Amino acid sequence: MPVEIDIAHVARLARIDLTPEEATTLRAQLGVILEHAARVREVATEDLPPTASPVPRVNVLREDEPEPSLPVEEALRNAPDREGDRFKVPRITETS
């Protein structure tokens, strides 16, 4: 069953500009992906309890033991920009 996708809306949500050729290609590719996802829904799972993992597991987390962390200079060694002892990144919030 073909899936109709508003690729322009998806591109706006992803904040990407698409050429008409890219939009056509991505519409077809995304349609195939969604069709496969719809087929997965058809698997009979009504009698199976929801799980986070298909394999039963016991606590797989390690004990929370304090350990020394990286020195600030080493942690920021490859930072493209820094402000004091912190990473400096571009502002990502929008203003309306």
Labelled set (i) 29.9, 74; (ii) 23.1, 56; (iii) 12.2, 36; Rg and Dmax of the Cα atoms in Å computed from this model equals the value at (ii)
Two-site FRET efficiency, Ala75 against Val55, from Cβ-Cβ distance with R₀ of 41 Å, rounded to 0.05: 0.70
Using only helices, what value at 222 nm comes out for the chain when you add -39,500 (n - 2.57) per DSSP H run of length 4 or more and divide by the total residues, to the nearest 500 deg cm²/dmol? -11000 deg cm²/dmol
Show me the ranking of peptides 48-61, 11-24 by mean Cβ neighbours inside 10 Å, starting with the highest. 11-24, 48-61
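Any read-out appearing in this document is the output of simple, stated calculations on the displayed coordinates, not a laboratory observation. Quick caveat, the model's predicted, so the values are computed rather than measured. With ideal geometry, Cβ positions are generated from the backbone for all residues, glycine too; neighbour counts draw on all protein chains shown.
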